1. Enumerate the amide H contacts of Ile72 below 5 Å, restricted to partners 5 or more residues apart or on another chain; note that Pro and chain-start residues carry no placed amide H.
2. Of all the accessible heavy-atom surface of the chain, with the other protein chains kept in place and a 1.4 Å probe, what percent is carbon and sulfur?
3. How large is the Kirkwood hydrodynamic radius of the chain, in angstrom, based on all distinct alpha carbon pairs?
4. Find the accessible area per residue for region 12-83; the probe is 1.4 Å, ligands and nucleic acids are left out, and the unit is Å².
5. For the chain, calculate the relative contact order in percent as a whole number, restricting contacts to Cα pairs under 8 Å that are 6 or more residues apart.
6. How many nm separate the modelled label positions at Ile44 and Asn68, each set 7 Å beyond the Cα in the direction of the Cβ?
7. Where a ≥ b ≥ c are the square roots of the eigenvalues of the C-alpha gyration tensor, would you call region 5-50 rounded, which needs a/c under 1.5, or, failing that, prolate if a/b is larger than b/c, or oblate?
8. Mean-square fluctuation check for the chain, GNM, Cα pairs under 10 Å: which of Ile23, Ile72, Ile11 is largest?
Amino acid sequence: MWPSFRDGDMIQFTKLTNQSLAIRDVIVFEHPMKKNVICVKRIIEINSGKFFVQGDNSDPTASEDSHNFGEIGYENILAFLRQ
């Protein structure tokens, strides 16, 4: 999530309990294809309850996001940060 967050930054997220999520929210979620991998990305689009997420780094090869693994389901999301 660089440049928004840097290595070592402390960020307080809110546990997800039936909140409505919005475009630009940052979410913590379970990677949809890798077990025991937690990701932090920004919601870019919302389509029928599915979330297209992307990192803030402008280099598309810098990390995995919805371009690689598709949209995220609400059930995969653990916490969020509204900015």
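The values are calculated or read from the model by the stated rules, or taken from the named source; none is laboratory data. Model, not experiment: these values are computed from the prediction. For neighbour counting, all protein chains shown are included, and Cβ atoms are generated from backbone atoms with ideal geometry for every residue, glycine included. For accessibility, only protein heavy atoms count, side chains too; no ligands or nucleic acids. Shrake-Rupley method; radii C 1.70, N 1.55, O 1.52, S 1.80 Å.
1. The list, which skips near neighbours in sequence, is Phe51, Phe52, Val53.
2. Within the chain, the accessible surface is 49 percent carbon and sulfur.
3. 12.9 Å
4. Averaged over the residues of region 12-83, the accessible area is 62 Å².
5. Contact order relative to length: 37 percent.
6. Distance between label points: 1.4 nm.
7. Here region 5-50 falls in the oblate category.
8. Ile11
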